[in-house]
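A short write-up of the structure that comes next.
The values are calculated or read from the model by the stated rules, or taken from the named source; none is laboratory data. Here the structure is a predicted model, which means the values were calculated and not measured. Please note: Cβ atoms are built from the backbone with ideal geometry, for glycine as well, and neighbour counts cover all protein chains shown.
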């Protein structure tokens, strides 16, 4: 029982150390070449005293240490060291105890080499061959005569084992190894010719391995850069074993930025199909089988008069001719209404682009265009803590440039936002720089600088909870809005004036209750201000008399009005 308790404690030691060691990648790989093993072994003797092989009740137990070094997918260099005892007892006058210190260097032949099993498979069987040195310190008696001796032997060993990958850079391994020390005499029985393999022992080992080192992972998706085929994946996006986001329809556009994840499409249209190749997605294309113009919802306009062919009753109108809603030339156009939209030039905000009077004579932005601008936010990405656009953002910005060309009378508002992590001043500056980076890209595509306005609000206006990574990903965004040139920027109405310094803007953004508290205290501050006025000193000291009743309602009325109205 005592030996069992001691054995249990030794077996529990590696498991007890598990929480204290740092977590790492899933398995030993070229990125994490070294591993450290803590183990406990059962030693079983065979020699002149007989054989204890596979008799665990007659085993002696030894702690050990192993170091593993990755060489190739199928081969590791393995070093093992252990300290233990071999014992035998025929009688009180014939017995021995041999203390062993053993060190071996060998090769581990891994079967999870990518042929039968993957490198990161849960079950990882292996074979082990090697050689080393066994130092034996023997004490005991042989027919009453002392047989004490200290001697070293060349050790040849071979074995097999299996490693179970537990994850977090930790593995549990079990192995059995046959040790054949050359010409060893562990039991002290004298022999005229000591056989080369006279005394030997089995070693049954169980232990834990801990992979060391830290693999480089720039995008923090859990896949080392060496294996990561998509090294710039945004934070929080699910990836496969190669570090790439899923692409269900295999159209080259990852699901997280694919508006049509179940239909093959193009990157320019965020993964949506475009049968006629006119740049207008089939879902928004009124004429999906015929190439047309984006401003006409994908329908053709042969005579370029602004009326799609299916609605044009005069499809061969000469270039430059003014036409009516049916596409036919009209003589009703006058100098006072250049675009013939019924809105006189003097009140027409867009005199050269037809539009309804309800929109000041300007073309109305289509609902699908507004939706595309709203969705564009989730496809604009930047390098971590930088204002450098990711290449995956280019297609979306190209689409926004096309929209600006379709609406020449409109200006684009770009607002940058961040999460709450990090210094507020840094986040404010970063939000401005990211908005400026998007603006710079659009101007490089020919959009006039005066048609783009930018704002940066830092972390002041989150759309999700900053306590979770998913929420922080949503808060790190750039938003786009179109508005008529010359009108107020909608960002000012939505988020207020752009902050100039982070601290000054951070407090009002989240301190609505503080404002209320300040307003409630205001009447108490105003009351003393009126008491020292001309009329209040006598009134405060002589409140019982009712002769001043005509004046008290007048003085109390202002005090009561602010209290209910300020909330």
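So, of the residues in segment 288-313 that are in contact with a helix residue (DSSP H, G or I) (Cβ under 7 Å, 6 or more places away or on another chain) and assigned to a loop (DSSP other than H, G, I, E, B), which turns out to be surrounded by the fewest Cβ atoms within 10 Å (Cβ to Cβ)? Working first, answer last.
Looking only at segment 288-313, we keep the residues that are in contact with a helix residue (DSSP H, G or I) (Cβ under 7 Å, 6 or more places away or on another chain), and these are 294-295, 299-302, 308.
Still in the list and also assigned to a loop (DSSP other than H, G, I, E, B): 300-302, 308.
Values: 300: 17, 301: 19, 302: 13, 308: 21.
Top of the filtered list is 302.
So which of 440, 431 ends up being in the same structural domain as residue 472 (by TED's automatic domain parsing) and under 20 Å from residue 394 (Cβ atoms)?
Numbers: 431 fails: under 20 Å from residue 394 (Cβ atoms).
Going through 440, 431 in turn, just one is in the same structural domain as residue 472 (by TED's automatic domain parsing) and under 20 Å from residue 394 (Cβ atoms): 440.
Residue by residue through segment 62-117, note down the ones that are in contact (Cβ under 8 Å) with a residue 60 or more places away in the chain and over 20 Å from residue 205 (Cβ atoms).
If the condition is that a residue be in contact (Cβ under 8 Å) with a residue 60 or more places away in the chain and over 20 Å from residue 205 (Cβ atoms), then 88, 96 are the ones that fit.
I need a count of the residues in segment 434-446 that are in contact (Cβ under 8 Å) with a residue 24 or more places away in the chain, surrounded by fewer than 17 Cβ atoms within 10 Å (Cβ to Cβ) and out of contact with any helix residue (DSSP H, G or I) (no Cβ under 6 Å at 6 or more places or on another chain). Before the answer, list the steps.
Within segment 434-446, the subset in contact (Cβ under 8 Å) with a residue 24 or more places away in the chain is 434-439, 441-442, 445-446.
Next, from what is left, pick out any that are surrounded by fewer than 17 Cβ atoms within 10 Å (Cβ to Cβ): 436, 445-446.
Adding the requirement that they be out of contact with any helix residue (DSSP H, G or I) (no Cβ under 6 Å at 6 or more places or on another chain) leaves 436, 446.
Qualifying residue count for the region: 2.
For segment 314-324, how many residues are out of contact with any helix residue (DSSP H, G or I) (no Cβ under 6 Å at 6 or more places or on another chain), surrounded by 13 or more Cβ atoms within 10 Å (Cβ to Cβ) and either part of a loop (DSSP other than H, G, I, E, B) or modelled with pLDDT under 70 (or both)?
If we filter segment 314-324 for residues that are out of contact with any helix residue (DSSP H, G or I) (no Cβ under 6 Å at 6 or more places or on another chain), which is where we start, we get 314, 316-324.
The next check asks that each one be surrounded by 13 or more Cβ atoms within 10 Å (Cβ to Cβ); those that pass are 314, 317, 321-324.
Next, only the ones that are either part of a loop (DSSP other than H, G, I, E, B) or modelled with pLDDT under 70 (or both) stay: 314, 317, 321-322, 324.
So the answer is 5.
Under the condition of being touching a residue at least 40 places away in the same chain (Cβ under 8 Å) and closer than 29 Å to residue 416 by Cα, which residue from segment 360-371 is surrounded by the most Cβ atoms within 10 Å (Cβ to Cβ)?
The first filter runs over segment 360-371 and keeps only residues touching a residue at least 40 places away in the same chain (Cβ under 8 Å), leaving 360, 362-363, 365-366, 368-370.
Next, only the ones that are closer than 29 Å to residue 416 by Cα stay: 362-363, 365-366, 368-370.
Values: 362: 24, 363: 19, 365: 18, 366: 15, 368: 13, 369: 18, 370: 14.
Across segment 360-371, the extreme among qualifying residues is 362.
Name the residues in segment 74-95 that are exposed (fewer than 15 other Cβ atoms within 10 Å of the Cβ) and not in a strand (DSSP E or B), would you?
92, 93
In this structure, is residue 171 within 24 Å of residue 125 (Cα to Cα) and either in contact with a helix residue (DSSP H, G or I) (Cβ under 6 Å, 6 or more places away or on another chain) or at pLDDT 95 or above (or both)? Steps first, please.
On the way: within 24 Å of residue 125 (Cα to Cα): yes; either in contact with a helix residue (DSSP H, G or I) (Cβ under 6 Å, 6 or more places away or on another chain) or at pLDDT 95 or above (or both): no.
Judged against the criteria, residue 171 is not a match.
Each row is one residue, and each column tells you yes or no for (1) exposed (fewer than 15 other Cβ atoms within 10 Å of the Cβ); (2) more than 53 Å from the chain's Cα centre (by Cα); (3) more than 24 Å from residue 54 (Cα to Cα).
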residue	(1), (2), (3)
98	no, yes, no
109	no, no, yes
115	yes, no, yes
125	no, no, no
138	no, yes, no
170	no, no, yes
174	yes, no, no
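Before we move on, is residue 430 modelled with pLDDT of 90 or more and within 24 Å of the chain's Cα centre (by Cα)? It would help to see each step written out before you state the result.
Values: modelled with pLDDT of 90 or more: yes; within 24 Å of the chain's Cα centre (by Cα): yes.
When the stated conditions are applied, residue 430 passes them.
Which residues, counting only those in segment 381-402, are closer than 13 Å to residue 446 by Cβ and crowded, with 19+ Cβ neighbours inside 10 Å?
Let us first name the residues in segment 381-402 that are closer than 13 Å to residue 446 by Cβ, namely 397-398, 400-402.
Hits for segment 381-402 are 397, 400.
For segment 349-384, what are the residues that are touching a helix residue (DSSP H, G or I) at 6+ places or on another chain (Cβ under 9 Å) and over 30 Å from residue 269 (Cα atoms)?
Answer for segment 349-384, where residues must be touching a helix residue (DSSP H, G or I) at 6+ places or on another chain (Cβ under 9 Å) and over 30 Å from residue 269 (Cα atoms): just 349.
Might you check whether a residue that is outside any strand (DSSP E or B), modelled with pLDDT under 50, crowded, with 16+ Cβ neighbours inside 10 Å and touching a strand residue (DSSP E or B) at 6+ places or on another chain (Cβ under 7 Å) occurs anywhere in segment 27-48?
Residues of segment 27-48 that are outside any strand (DSSP E or B), as a first pass: 27-28, 30-31, 33, 48.
Subset that is modelled with pLDDT under 50: 27.
Remaining after also requiring crowded, with 16+ Cβ neighbours inside 10 Å: 27.
After this cut, where a residue has to be touching a strand residue (DSSP E or B) at 6+ places or on another chain (Cβ under 7 Å) as well, the list is 27.
Yes, some residue in segment 27-48 is outside any strand (DSSP E or B), modelled with pLDDT under 50, crowded, with 16+ Cβ neighbours inside 10 Å and touching a strand residue (DSSP E or B) at 6+ places or on another chain (Cβ under 7 Å).
Check 171, 158 and return the single one that is in contact (Cβ under 8 Å) with a residue 60 or more places away in the chain and in a strand (DSSP E or B).
Values: 158 fails: in contact (Cβ under 8 Å) with a residue 60 or more places away in the chain.
One residue alone meets the criteria, 171.
Can you run down the residue pairs with Cβ atoms below 7 Å, 6 or more apart or on separate chains, where the first is in segment 242-258 and crowded, with 21+ Cβ neighbours inside 10 Å and the partner is in a helix (DSSP H, G or I)?
From residues that are crowded, with 21+ Cβ neighbours inside 10 Å, the pairs are 253/267; 257/378; 257/379; 257/392.
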